[in-house]
Structures are given as structure tokens and as C-alpha cells.
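Encoded as C-alpha cells, the structure appears first; notes follow it.
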Amino acid sequence: MAKSQSQGHTLERQNLDVKPHYPFLEDTSTKTTEIPFDPKVFEYIQMSHGHELQTLLNEHEVHVELSRDSQNSIITISPLGKGRRDSEQSWKEKTEILERFLHCFEKIEIPIDSEIFDEIAQRWQTYSSSREPANFVVSFDDHRRIALLVGKKACVDQERQKLQGLINEVKEDTELMKSVVQVTETNIPKPRLILLKMSGLCETLVHKHRHLSISVDSDGQKLSLNGPRKLLQEVKLEVFTFTSKAVEQTTELSINVINVLKRPDVSGFIQDLLRKKSIQAVVLFNQGQSSNEIQVVGVDSRNTKEAVNELQGVVDEKSHHFTAENAQVLGSHKWKDLQSSLTSHSKVGIMVDNHASTIWVSGIAKDVRESFQTVKQFLEINTILHDTIATEEGFAQFISTVWKDKINGIKRELSSCSIDIRATADCKGIEISGTAEGLEKCQQRLHEVINAVKKDSVPVDKPGMKKFFLSDKGPIFLKAVEDKNKCVILTTERNEDEAATDLETEEEEAWSTEEFVCSYPTKEGKTISVMKGDITKDRVDAIVNAANGDLNHIGGLAAAIVRAGGKTIQDECDDFVMRNGPLLEGHTHVTSAGMLPCKLVIHAFGPRWDSEADRKRKVEEETRQERYLRCAIASSLREAKDLRSIAIPAVSSGVFGFPRDLCAEVILNTVLEFCKENPHCKLSEIHLINNDDATVKVFADELRKRFGTERSFTDQKTSRPSTAVAGTVSKAKGMAMMGPPRSFTTQGIRITVKSSDLAKEQVFMAKMFILLC
């Protein structure tokens with residue numbers, strides 16, 4: 001008979017005073033007591049409670065012995081030692097105490113059906129392995145198909161109840177298994193299946209119900225349930241209740257951002273973020289009709305809305321317009337290594353758009369900010385820029401020859417910035433090249449050198465002098481003077497109309513085609529001016545175009561910019577839309593300027609005004625349109641941050657219907673905030689320009705309302721020209737007011753220098769310019 005033991009003490013047999021029965025050695029006068037007793041129970045007592053039994057036998061000076069015959073098992077209790085006699089009362093008390101101890105234990109047999117016997121034995125073994133040893137033993141008899149419980153009565157009774165409960169549970173499970181079926185549902189939308197799969201509900205249900213398995217195939221849009229028929233009805237109801245409450249919402253992001261979000265590490269980061277904030281929603285891609293749309297699915301409308309807000313707040317995209325010099329660096333191995341390092345260690349994507357000369361850094365906002373600064377610093381450090389400092393006639397030649405040591409000293413001092421300095425081919429300026437930091441330092445040093453150069457001119461009108469200087473002897477004589485005095489001497493001939501022509505040219509350049517209205521210099525050194533005129537003719541580094549989302553410039557200001565700048569502007573915009581999709585509301589895109597006098601055109605997609613915006617404005621609530629206009633203007637200013645000047649029109653106030661007064665207020669607020677946050681950037685001239693009288697008046701009134709009482713405010717109404725205009729005009733007029741003539745004698749020649757109308761003077765046949773240190 002095979003037996004398996006699952007619970008109880010494992011003890012060695014104690015050396016008890018239990019002896020075999022030898023009747024011929026007994027003293028017939030000795031008292032004995034016989035008790036019918038189960039040998040299994042007695043064996044358990046010996047194994048598990050032998051110490052207690054032996055203590056009891058010693059205390060009462062008795063011993064016990066177990067005898068068996070074909071019918072019964074008997075325990076015989078007898079006094080310890082021959083010839084010992086006890087009183088009748090004393091012997092009875094001893095046997096009763098021992099009997100009470102023995103009858104604290106019992107054995108119970110529980111029959112188990114053959115079909116569930118193995119399952120019961122296995123489950124009980126698993127259940128018992130995690131429990132502390134107790135006052136009972138449970139074993140399973142494979143032959144008789146019973147469970148045998150032996151131990152103290154209280155414990156045995158408790159275990160009997162537990163075992164019986166297990167038997168009932170297994171019987172119920174067995175009946176359930178007879179009704180197991182598989183059900184497949186195919187009418188649940190794919191986004192909701194993905195939400196179900198990621199929610200953890202399926203795992204919870206499988207853990208809760210035995211004999212249940214759930215398989216979710218979101219690609220094939222199938223939900224498979226396997227389990228007892230009765231259970232599946234309950235599970236299906238719970239699953240369909242979950243999916244029916246799900247809410248889907250589509251939101252727009254740039255394609256570059258979406259491509260980053262698709263990366264497993266970034267999508268995992270987003271889901272972890274939603275989970276930490278207890279937002280039950282998933283972000284899905286390639287589900288919308290447009291390539292720049294993503295789908296957010298939540299368990300209800302609140303969770304979906306919170307997920308959308310969280311997603312929009314955690315992503316960002318920054319653009320940097322690069323120059324031709326930057327483009328050379330972007331083809332280097334150093335750039336590729338940096339790009340690979342940033343994208344692999346940060347949750348960003350870096351895309352170089354060579355057609356629009358723009359670098360896009362997209363992804364998680366925190367990483368975007370850090371990576372964007374790293375990219376800009378990399379370009380500043382590694383890009384070799386070129387600049388030319390215009391000088392007066394002869395200055396570049398003098399500096400590159402006579403002061404060559406000073407130039408070499410500057411080059412040595414800024415050698416870490418890859419600085420190179422040389423005179424231009426026509427000697428009308430000084431060319432410098434190096435990093436951005438090096439150029440800035442070099443320009444400052446060169447201006448100090450240029451300002452230290454002294455120049456004088458000597459008109460030569462003595463008969464025969466022209467012939468002398470034009471002969472072979474003249475240059476030899478001048479070279480000797482140059483070597484002796486460390487100077488450069490240039491000779492030139494001038495017509496009588498030349499000076500007047502120069503003056504007219506400078507005066508013409510001083511006056512702009514735009515009409516100045518008013519201006520205000522901010523505390524940060526930035527000048528904000530309201531101008532009336534054509535933005536395509538404004539002499540600034542960048543102009544802002546009021547564009548639509550498709551960047552299709554077919555009307556209004558946008559059409560005027562394309563007409564003036566040429567088809568290349570529209571071509572660059574078409575290329576951007578084809579590769580990236582329409583521009584988002586409140587965003588900007590930068591193109592070249594074509595034939596316009598500026599360097600860049602910043603296309604800003606401003607918002608359309610609607611009736612809902614009117615309602616919110618009446619109750620003094622900030623509208624969505626105000627936020628988008630602020631974003632568009634702020635983005636435009638950031639794009640021009642490294643330039644010196646920008647012209648901004650009244651974006652959205654035309655066919656988009658944005659109220660003029662509110663437009664002026666939002667734009668001016670955004671400009672002032674930018675100036676405050678970026679006091680050290682290069683952008684110092686900001687023109688608010690329009691060709692419409694009513695719009696110009698609204699912008700001028702807004703600037704007057706805020707700063708009209710300050711002394712630094714300049715207004716056309718008060719007949720005070722702006723500082724910029726007045727300075728330019730004064731410069732032009734001042735050229736004809738150089739003071740009284742002065743005379744001196746050199747080399748036996750009397751030289752007179754004076755300012756006057758050359759047409760009224762005798763013709764100068766030659767003039768010498770002398771540059772000295």
C-alpha cells in the first residue's frame with residue numbers, strides 16, 4: 001500500500017518505556033489495564049509527541065505496550081517494576097490520566113473520488129508547503145483513494161474542514177472545465193483593443209478567475225476568450241463595459257515630433273509618465289487621416305483630455321536657421337557624431353533641412369532645450385564665419401603693411417578661434433574669418449586699430465606737379481617718404497562734380513522709403529518703432545509674413561512679398577509643406593528672402609478670429625486666438641534673435657479678422673516680453689510696420705498710450721524725429737559743414753585744405769591722401 005505524507009512533524013522515534021508483550025514474564029499479581037487503540041494514532045504519538053508521553057509514564061511509574069492480533073490492537077498499561085502494588089484508587093487515577101492523554105489524538109479517513117484524487121493531493125501539497133509544522137499529519141493513500149488525517153482532535157477537525165473545502169472546490173472546477181469554450185470577438189475598434197491590452201485589465205481577470213485565458217490581437221482586431229461558458233459571460237460583460245466607455249481624441253503635432261514619439265524608448269517614457277500621473281490612456285500613431293495627427297485613447301473623456309494636455313506640454317520643437325558657413329560643418333564627421341550621440345542618449349530627433357537651411361530639434365521638451373543649446377554651441381565653436389570691415393581708402397593697405405605686426409598679434413591672441421585677417425583684394429576693407437566668438441573679439445580689436453589710424457589729404461594744384469607724380473620719379477619719391485615716415489600715400493584725381501555726387505548719394509541713402517510715426521527705446525537697449533510703408537522695402541534683416549497654414553501666398557501681404565522677392569520664396573514653402581505637412585497655427589517657417597533687401601522671411605501662421613472668440617472677449621476671457629498670435633510673434637522674434645533688425649506687420653488683422661486694437665496689444669506685449677527676456681541678443685531694431693493708415697494709427701496709439709509721457713519717447717506728432725532718422729540725416733548734412741579751411745607748408749609747397757562747392761573752385765589736378773600712425 002503506497003502512502004504519501006503531506007503535513008506533520010518529522011521526528012525520530014523516542015526511546016519510550018514501551019515493551020513487547022511477554023506473558024510468561026509477568027507477575028500475575030501486577031495490575032494491568034487494556035485499552036483498544038488505533039496503531040496509526042499510537043505511531044503518530046510516538047513520532048510527534050513521544051517526549052510528552054515518556055514524561056507522563058515516568059511521572060506515574062507505568063509503562064505501556066501495544067499488542068496486535070488478527071482482530072484488534074490493544075494498549076496495555078502496567079506498573080513499572082515487579083511486585084509493585086498500588087491501591088485500587090491510585091491505579092485507576094493513573095490509568096485515567098494516561099487514557100485522557102491518549103484520547104486527545106484521533107485519526108480521520110476522508111474518501112476522495114478517483115478522478116480528482118491526484119489534483120487534490122497536488123494542491124494540498126502546494127498549500128501545505130507554505131505552512132508551519134502543526135499538531136497533525138495528512139497523508140494520501142493512492143490504493144484506497146483516501147486522505148488520512150492523524151493528530152490532535154482540534155487540529156484534525158480543522159484540517160478536515162479545509163480538506164473538504166478543497167475537495168468541493170476541485171469538484172466545482174472539474175465541472176467548470178467540462179464546459180470550457182473559446183469565443184472570438186472581432187467588432188472592437190483597434191484603438192480600444194490597444195487600450196484594453198495596455199490597461200492590465202486582462203491580466204487582472206485571468207488572475208481572478210481560474211481556467212480563464214485572454215488573448216488580444218490588436219493588429220488583427222481580435223479578442224479571444226477561453227474558459228468555462230458561464231464564466232465567459234461575466235468576463236465579456238466586464239471587457240465590453242471597459243471598451244465602450246473609452247474616448248478617442250485626435251491632436252496635431254509636427255511630423256518631426258511624431259517621429260520621435262514613435263521610438264520605443266520615447267513612447268515607453270510617455271506611457272510611464274501617464275501611468276505615474278494615474279492617467280489611463282494610450283497614445284497611438286498612424287491612426288489619423290493626416291501624417292501630423294496622433295490619436296489619444298482614454299478610459300473616459302477626463303482621462304483622454306488630461307493625456308492630450310500632458311502630451312502637448314511635454315513635447316517641444318525648436319528650429320535654428322543655419323548659414324552657408326554652418327552647412328560646411330554639418331557635413332563633417334564631428335557633426336554626425338554629435339547628432340548620433342544626442343539622439344541616442346536623449347529623447348530627441350535632429351533633422352537638417354538643407355532646402356530651408358534649418359535644423360529642427362524635436363522631442364521631449366527638457367531634452368530639446370538641452371540638445372538645442374548643444375547644437376547652437378557646436379555651430380558657434382566649429383563654424384568658420386567670414387566678415388568684411390569696410391574702411392576708408394588706404395586704411396586696409398596701411399594696416400596690412402605698416403601695422404602687420406599688430407595684425408599678427410591679434411591672430412596669435414585669438415588663435416584658438418581660428419582667426420585669419422587680411423586686406424580685401426581691392427584694399428577697400430579688411431576680411432576676417434573665424435568662429436563667432438573669435439569674430440566678435442576680433443572686430444572689437446580691429447576697430448581699435450582702425451580708429452588709431454590718422455588720415456590727411458593734400459590737394460596739389462601747382463603747375464607741373466601732376467606730371468611729376470605721374471612720371472617714374474613720383475612713385476619713387478612717394479615710396480621713400482612712406483618708408484621714412486611709416487605711412488601709406490595714395491594719389492587720386494577727382495572731377496569737380498564728384499564730391500557733390502557723393503553727398504547726394506549719402507543724403508539719398510539716409511532717407512528711407514518708410515514714414516516714421518513714433519518709437520520707444522526700451523531699458524534693454526532695443527528700439528520699437530511704428531512705421532507706415534511697404535514692408536518689402538524696409539531695410540531690415542528679417543521681415544515677417546502673415547501666412548496661411550498651407551504657406552500658399554496668393555493674396556494680401558503674402559502675395560506682395562512673393563512678387564517682390566521672387567518665386568524662390570514660394571518654392572521653398574511648397575517644399576516644406578510637401579515634406580512636413582501644413583504649418584500649425586501659431587507656428588513659423590523661415591525661408592530665404594530672394595530679391596528682397598532683407599536676409600530672411602519668417603512666415604507666421606496667425607489665428608482666425610471667430611464668433612466664439614468674440615463671446616470670450618466680451619466676458620474678458622483670454623481667447624485661443626490671442627495665445628496663438630502671441631506664439632506666432634514670439635517664434636518670429638526668436639528666429640531673428642541673431643540678426644540686428646526685424647519688421648512685423650499686423651498679423652491676422654486682415655482677412656483673418658483679428659481685431660486691430662487687440663492685435664496691437666498682443667503684438668506689443670509679446671515684443672516687450674521678448675526684449676525683457678533677451679536683453680543681450682543682437683536684435684535691437686523692431687519695426688511695427690503697415691501700409692494701412694487705420695492699422696498704423698492703432699499701433700501708434702497703443703505705443704503712445706504706454707510710453708507717450710516718457711522723455712525717451714519720440715513722436716512725429718511732436719515734431720521730434722526719431723533718433724535713428726535724425727542721426728542719419730545729420731550725418732548726411734554734416735559732410736558739407738567741416739569747418740573753415742586750414743593751410744600748411746610742406747616740401748616747399750603750400751597746401752590748403754577746405755570744404756566748399758567744388759564746382760565753384762578751380763579744378764584740382766591731383767590730391768594726395770597721407771595715412772599715418
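Quick notes on this structure:
- Residue identified as outside any helix (DSSP H, G or I) and small (Gly, Ala, Ser) among ALA121, ALA134: ALA134
- Yes/no for ILE543 being closer than 20 Å to SER645 by Cα, assigned to a strand (DSSP E or B) and in the same structural domain as ILE648 (by TED's automatic domain parsing): yes
- Listed by first and then second residue, the pairs linking a residue in the range 378-398 that is touching a residue at least 60 places away in the same chain (Cβ under 8 Å) to a residue that is surrounded by 15 or more Cβ atoms within 10 Å (Cβ to Cβ) and hydroxyl-bearing (Ser, Thr, Tyr), with Cβ atoms under 6 Å apart and 6 or more places separating them unless they lie on different chains, are HIS386/SER433.
- The listed residues are THR55, THR33, and the only one of them that is closer than 13 Å to GLU99 by Cα and either touching a strand residue (DSSP E or B) at 6+ places or on another chain (Cβ under 6 Å) or at pLDDT 85 or above (or both) turns out to be THR33.
- Search result, residues across the range 166-201 that are under 18 Å from GLU234 (Cα atoms) and assigned to a helix (DSSP H, G or I): GLU172, ASP173, GLU175, LEU176, MET177, LEU196, LEU201
- The residues of the range 365-392 that are in contact with a Lys or Arg (Cβ under 8 Å, 6 or more places away or on another chain), surrounded by 15 or more Cβ atoms within 10 Å (Cβ to Cβ) and either in a loop (DSSP other than H, G, I, E, B) or at positive phi (or both) amount to a single one, THR391.
- Hey, GLU96 closer than 25 Å to ILE77 by Cβ, in the same structural domain as THR32 (by TED's automatic domain parsing) and part of a helix (DSSP H, G or I) or not: yes
- Verdict on GLN397 being out of contact with any helix residue (DSSP H, G or I) (no Cβ under 9 Å at 6 or more places or on another chain) and at pLDDT below 85: yes
- Residue, nearest to GLU380 (Cα to Cα), within the range 429-457, restricted to residues that are of a type in the set (D, E, K, R) and assigned to a helix (DSSP H, G or I): GLU437
- Of all residues in the range 555-575 being surrounded by fewer than 17 Cβ atoms within 10 Å (Cβ to Cβ), under 20 Å from THR358 (Cα atoms) and among the charged types (D, E, K, R), the one that is farthest from the chain's Cα centre (by Cα): LYS567
- Selection over the range 544-591 of residues that are aliphatic (A, V, I, L, M) and in contact with a Ser or Thr (Cβ under 7 Å, 6 or more places away or on another chain) gives a count of 8.
A quick yes/no check of all residues on (1) under 30 Å from LEU274 (Cα atoms); (2) modelled with pLDDT of 80 or more; (3) under 52 Å from the mean Cα position of the chain (by Cα); (4) not aromatic (Phe, Trp, Tyr):
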| residue | (1), (2), (3), (4) |
| --- | --- |
| LYS178 | no, no, no, yes |
| GLN182 | no, yes, yes, yes |
| GLU185 | yes, yes, yes, yes |
| LEU196 | yes, yes, yes, yes |
| SER199 | yes, yes, yes, yes |
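- Options SER278, SER290; residue that is assigned to a loop (DSSP other than H, G, I, E, B), assigned by TED's automatic domain parsing to the domain that holds LEU201 and under 12 Å from THR250 (Cβ atoms): SER290
- Candidate set: the range 220-249, residues that are more than 21 Å from ALA307 (Cβ to Cβ) and in contact with a Lys or Arg (Cβ under 8 Å, 6 or more places away or on another chain); chosen: the one surrounded by the fewest Cβ atoms within 10 Å (Cβ to Cβ): GLN221
- A residue that is over 14 Å from the mean Cα position of the chain (by Cα) and crowded, with 20+ Cβ neighbours inside 10 Å occurs somewhere in the range 258-276.
- One residue stands out among those in the range 576-613 that are assigned to a loop (DSSP other than H, G, I, E, B) and acidic (Asp, Glu): the one that is surrounded by the most Cβ atoms within 10 Å (Cβ to Cβ), which is GLU585.
- Selection status of GLU61, at pLDDT 85 or above, of a type outside the set (Lys, Arg) and at positive phi: yes
- Any hit, the range 306-323, residues being closer than 30 Å to VAL590 by Cα, assigned to a helix (DSSP H, G or I) and among the β-branched types (Val, Ile, Thr): yes
- Members of the range 660-677 found to be in contact with a helix residue (DSSP H, G or I) (Cβ under 8 Å, 6 or more places away or on another chain) and not β-branched (Val, Ile, Thr), listed by number: ARG660, ASP661, LEU662, CYS663, ALA664, GLU665, LEU668, ASN669, GLU673, PHE674
- Just one residue in the set LYS347, LYS376, LYS336 is within 15 Å of the chain's Cα centre (by Cα), not assigned by TED's automatic domain parsing to the domain that holds PRO189 and not aliphatic (A, V, I, L, M); that residue is LYS347.
- Residue match in the range 257-264 (condition: without any contact (Cβ under 8 Å) to a residue 24 or more places away in the chain and touching a Leu at 6+ places or on another chain (Cβ under 7 Å)): no
- All positions within the range 557-575 that are more than 22 Å from ASP692 (Cβ to Cβ) and assigned to a helix (DSSP H, G or I): LYS567, THR568, ILE569, GLN570, ASP571, GLU572, CYS573, ASP574, ASP575
- Residue match in the range 407-414 (condition: surrounded by 15 or more Cβ atoms within 10 Å (Cβ to Cβ), within 30 Å of THR323 (Cα to Cα) and free of Cβ contacts under 8 Å to residues at least 12 places away in the same chain): yes
- Search result, residues across the range 420-430 that are among the aliphatic types (A, V, I, L, M) and closer than 13 Å to ILE389 by Cβ: ILE421, ALA423, ILE430
- For the range 635-649, the tally of residues that are free of Cβ contacts under 8 Å to residues at least 60 places away in the same chain and either touching a Cys at 6+ places or on another chain (Cβ under 8 Å) or among the polar types (S, T, N, Q) (or both) stands at 3.
Residue-by-condition table, conditions (1) more than 23 Å from SER48 (Cβ to Cβ); (2) surrounded by 13 or more Cβ atoms within 10 Å (Cβ to Cβ); (3) assigned by TED's automatic domain parsing to the domain that holds VAL235; (4) among the β-branched types (Val, Ile, Thr):
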| position | (1), (2), (3), (4) |
| --- | --- |
| ARG131 | no, no, no, no |
| ALA134 | no, yes, no, no |
| VAL138 | no, yes, no, yes |
| ALA147 | no, yes, no, no |
| CYS155 | no, yes, no, no |
| GLN158 | no, yes, no, no |
| LEU163 | no, yes, no, no |
| GLU169 | yes, yes, no, no |
| ASP173 | yes, yes, no, no |
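The values are calculated or read from the model by the stated rules, or taken from the named source; none is laboratory data. Small disclaimer: the values here were computed from a predicted structure and weren't measured. All Cβ positions, even for glycine, are placed from backbone atoms using ideal geometry, and neighbour counts span all protein chains on display.
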